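This report refers to the structure that appears directly beneath it.
The values are calculated or read from the model by the stated rules, or taken from the named source; none is laboratory data. Since the structure is predicted, the reported quantities are computational estimates derived from the model, not experimental observations. Neighbour counts run over all protein chains shown; Cβ positions are idealised from the backbone, glycine included.
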């Protein structure tokens, strides 16, 4: 983790440096150019031996940043390059890069028709279950109870900012119902909970391969929530009270994605969420305190499909 963090810091530092300070001559045939300075990242192009290109004057994790004649950039291993060797061709036409699958420019050159890590945008459609528990932050709210098997529908857009960080926006539709909470004297209390959370966050993906992407993320936002309280007595009489709130919430997640094709994949997510209501109005069923709060916390499990472009 520390090694990847240092790599990201180095990349940001190099972004502000005039990196194309020397030429480099390729010393092996079909030298791979990677999307990121990692051998596990995608090979986006292969270069012919003795071709000369502009490269950075600093190495990052043993790789030089390389600029090809078409203006595209990538990363090449220092073992495949002689820094300071040769002169750049004066011809500005198509360079001596070996085409992959007959495709050029660089953004279209892929070794097997896949584009997983290189996608700028990712759209995720998911479905899952929540297991949240609630507790009262005011004296007149009794006990806790589990929101059993709450359903979660989600829509998320991720935009890759830089290796390996992405900005994310997610919108969800949630519905849950508590088990019956015994208030004593044969009286029970049940809550129904529906919400539309909107959150923005950052996801850090320290693990990248050709198909796998594993990361951790943090989100924060607001949610419009509707609550329905049902109080049932031993005489089979029940009372129902509805109220709503605009809540703040935060979510931490671990996300795993697997690419099935050029623009399609699947993902799974495990998350922990904490939510606090605004001041809710007093009701006859809830007591005489002018306002009270409820806090929710618990786990959410989710999976679905991912579209990339």
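Given 236, 226, 244, which one is on the phi > 0 side of the Ramachandran plot and surrounded by fewer than 18 Cβ atoms within 10 Å (Cβ to Cβ)?
Numbers: 226 fails: on the phi > 0 side of the Ramachandran plot; 244 fails: on the phi > 0 side of the Ramachandran plot.
After applying the criteria, what remains is 236.
Only one residue in 95, 113 is closer than 20 Å to residue 29 by Cβ, modelled with pLDDT under 55 and either in a loop (DSSP other than H, G, I, E, B) or out of contact with any strand residue (DSSP E or B) (no Cβ under 6 Å at 6 or more places or on another chain) (or both), so which one is that?
On the way: 113 fails: closer than 20 Å to residue 29 by Cβ.
Answer to the check: 95.
Taking strands (runs of 3 or more DSSP E) that fall entirely within segment 154-257, which contain at least 1 residues that are out of contact with any strand residue (DSSP E or B) (no Cβ under 8 Å at 6 or more places or on another chain)? Steps first, answer last, please.
Details: elements: 165-177, 181-184, 187-208, 212-232.
Where strands (runs of 3 or more DSSP E) fall fully within segment 154-257 and carry at least 1 residues being out of contact with any strand residue (DSSP E or B) (no Cβ under 8 Å at 6 or more places or on another chain), they are 181-184, 187-208.
Residues checked against (1) at pLDDT 75 or above; (2) in the same structural domain as residue 185 (by TED's automatic domain parsing); (3) over 28 Å from the mean Cα position of the chain (by Cα); (4) buried (at least 17 other Cβ atoms within 10 Å of the Cβ):
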| site | (1), (2), (3), (4) |
| --- | --- |
| 249 | yes, yes, no, yes |
| 254 | yes, yes, no, no |
| 264 | yes, yes, no, no |
| 288 | no, yes, yes, no |
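Residue 207 versus (1) in contact (Cβ under 8 Å) with a residue 12 or more places away in the chain; (2) surrounded by fewer than 19 Cβ atoms within 10 Å (Cβ to Cβ): which is the lone unmet condition?
Of the numbered conditions (1) in contact (Cβ under 8 Å) with a residue 12 or more places away in the chain; (2) surrounded by fewer than 19 Cβ atoms within 10 Å (Cβ to Cβ), the odd one out for residue 207 is (1).
Just give me the residues in segment 48-79 being assigned to a strand (DSSP E or B), at pLDDT 85 or above and within 26 Å of residue 212 (Cα to Cα), in sequence order.
Result: 63, 64, 65, 66, 74, 75, 76, 77.
Take the residues of segment 182-201 that are within 30 Å of residue 165 (Cα to Cα) and surrounded by 17 or more Cβ atoms within 10 Å (Cβ to Cβ): which is modelled with the lowest pLDDT? Break it down into steps so the answer makes sense when it comes.
Pass one, segment 182-201, residues within 30 Å of residue 165 (Cα to Cα): 195-201.
Filter once more, so that each one left must be surrounded by 17 or more Cβ atoms within 10 Å (Cβ to Cβ): 195, 197, 199, 201.
Numbers: 195: 91, 197: 95, 199: 98, 201: 97.
Only one residue fits best here, namely 195.
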